[in-house]
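Visitor: First the structure, then my questions, so here it is.
The values are calculated or read from the model by the stated rules, or taken from the named source; none is laboratory data. Quantities reported herein were computed from a predicted structural model and do not represent experimental measurements. Here Cβ is always computed from backbone atoms with ideal geometry, including for glycine, and neighbour counts include all displayed protein chains. Heavy atoms of the whole protein, side chains included, go into the accessibility calculation; ligands, DNA and RNA do not. Shrake-Rupley method; radii C 1.70, N 1.55, O 1.52, S 1.80 Å.
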Amino acid sequence: MRRINLDACPECDVLLNRAFPVMGEKAHCPRCGYLLQRPRRHSIERTFALSVSGLILMMPANLMPLISIKIFGNSNDGSLWSGVVMLIKDDMWIVAALVFLSSMLFPVLTIILSLLISGHLFFDKPNPNLAVWMRWLQHLDEWAMLEVYMLGIIVACVKLSSLAELKFGFGLYAFVALLMVAVTLSSGLDHYQFWQRINDMQKQQA
Amino acid sequence: MPDSVQRTAAFILSGYALYIPANIFPIMTVSRFGQGEPHTIIGGIVALVESDMLPIALLVLVASILVPLLKLLGITLLLFCAHFRWQINARLWTRLYRVIAFVGRWSMLDIFMISILVGLVDLGGVASVIAGPAATAFAAVVVLTMMAAKMFDPRLLWDYQR
């Protein structure tokens, strides 16, 4: 059987000869302009390192107080988790679930999946689940919304600044660090290279 | 994506239906010293403008009113285009699709802000914030429009071009 090496553009499905961009170059689809490849230096190692640091930051960012307020001597502090708990207490199940998923669970899962995938690739250990994990990672990436949560914190602070005294907690610093890790993680992950490696590994096995 | 047009249409119609309660009902109630004032989304923006925080007001206006509305309309246009096989500049329309898919997540801003306020401002009689029924509807609109954008297959824009 004659094998043909063609790529299909994920967005408009046009068939293309494989592009070989070097570091610093980008390959776009000639028809629709979709960004096909963007090689990243040391993508596997970087992803591995960043996902380890993300896991460490996860606990303090989710559970420690982000901000504390003081109104007429009464004070209270809020974390990511306490917002979810209060929403459940007010019987806002759907909103609570959505906030929990998009600001806590999905970010954790994307980091764990990145760690699993890059770990297997880094140590050259084939695993039949690699492709499944990779697909899940691509789906979950869209629903993890730490950067939107950050903007929510800023707007909430501005709204409260006229009413109350605000203090930033340790959780906020951890959250900002986690946000930066998550953003560099998802932008530094070279999907094309990852898929290529997974494919090569499976071929070696067979 | 199988049945892309039908699935997208189903999500987008549910999105339109829930956009109405999301804007009429109060999204949160801020009570101070036992007196509560319910706020709608627009009410919250007006309050921000009145307290001279125009940039933040604009940000909330864009994220929670304009983006969901333009998304609903934009996906509707894409659907019409795919269904009636309009002859269009497909490159431009693909760009429209990409913008819609990218901005969707930022509408969650209001929901996250409420989650923070509800968790933080819980001082019994002095001050408290309670989420209102519109929060659920608004969250549903955001999720439904994101699903609609995900279900829409941009290949449909290219398939019938001559």
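Visitor: Would a scan of segment B:63-77 turn up a residue that is surrounded by 14 or more Cβ atoms within 10 Å (Cβ to Cβ), closer than 19 Å to A:Val158 by Cα and at the interface with another protein chain (Cβ under 7 Å from one of its Cβ atoms)?
Guide: So far as segment B:63-77 goes, no, none of its residues is surrounded by 14 or more Cβ atoms within 10 Å (Cβ to Cβ), closer than 19 Å to A:Val158 by Cα and at the interface with another protein chain (Cβ under 7 Å from one of its Cβ atoms).
Visitor: I would also like to ask the following. What do you reckon, is A:Val52 open to solvent by less than 20 Å² (accessible area, probe 1.4 Å) and not in a strand (DSSP E or B)?
Guide: Details: open to solvent by less than 20 Å² (accessible area, probe 1.4 Å): no; not in a strand (DSSP E or B): yes.
When the stated conditions are applied, A:Val52 does not pass them.
Visitor: Just to verify a result, which residue in segment B:132-159, among those that are more than 8 Å from chain A (Cβ to nearest Cβ) and not in a helix (DSSP H, G or I), is farthest from A:Ala97 (Cα to Cα)?
Guide: If we take residues in segment B:132-159 being more than 8 Å from chain A (Cβ to nearest Cβ) and not in a helix (DSSP H, G or I), then B:Asp153 is farthest from A:Ala97 (Cα to Cα).
Visitor: Hey, any hits in segment A:62-81 for a residue that's within 20 Å of A:Ser186 (Cα to Cα) and open to solvent by 10 Å² or more (accessible area, probe 1.4 Å)?
Guide: Scanning segment A:62-81 turns up at least one residue that is within 20 Å of A:Ser186 (Cα to Cα) and open to solvent by 10 Å² or more (accessible area, probe 1.4 Å).
Visitor: Another question, then. Pull up segment B:95-123, narrow it to residues that are among the charged types (D, E, K, R) and more than 7 Å from chain A (Cβ to nearest Cβ), then point me to the one that is nearest to the chain's Cα centre (by Cα).
Guide: The initial filter retains those residues of segment B:95-123 that are among the charged types (D, E, K, R), namely B:95, B:98, B:105, B:110, B:122.
Then keep just the ones that are more than 7 Å from chain A (Cβ to nearest Cβ); that gives B:95, B:98, B:110.
Working: B:Arg95: 20, B:Arg98: 16, B:Asp110: 9 Å.
The qualifying residue nearest to the chain's Cα centre (by Cα) is B:Asp110.
Visitor: Something else: What is the number of the single condition among (1) free of Cβ contacts under 8 Å to residues at least 24 places away in the same chain; (2) within 13 Å of the chain's Cα centre (by Cα) that A:Ser186 does not meet?
Guide: (1)
Visitor: Related question: What is the residue count in segment B:83-94 for residues that are part of a loop (DSSP other than H, G, I, E, B) and either within 24 Å of B:Val67 (Cβ to Cβ) or at the interface with another protein chain (Cβ under 10 Å from one of its Cβ atoms) (or both)? So that I can check it myself, show each step before the final result.
Guide: Here is the first cut: in segment B:83-94, the residues part of a loop (DSSP other than H, G, I, E, B) are B:85-89.
From what is left, the residues that are either within 24 Å of B:Val67 (Cβ to Cβ) or at the interface with another protein chain (Cβ under 10 Å from one of its Cβ atoms) (or both) are B:88-89.
Looking only at that region, the number is 2.
Visitor: If you don't mind, another one. If you check B:Ile45 against the conditions, is it touching a residue at least 24 places away in the same chain (Cβ under 8 Å) and either assigned to a helix (DSSP H, G or I) or aliphatic (A, V, I, L, M) (or both)? Let's see the steps before the verdict.
Guide: Values: touching a residue at least 24 places away in the same chain (Cβ under 8 Å): no; either assigned to a helix (DSSP H, G or I) or aliphatic (A, V, I, L, M) (or both): yes.
Answer is no for this residue.
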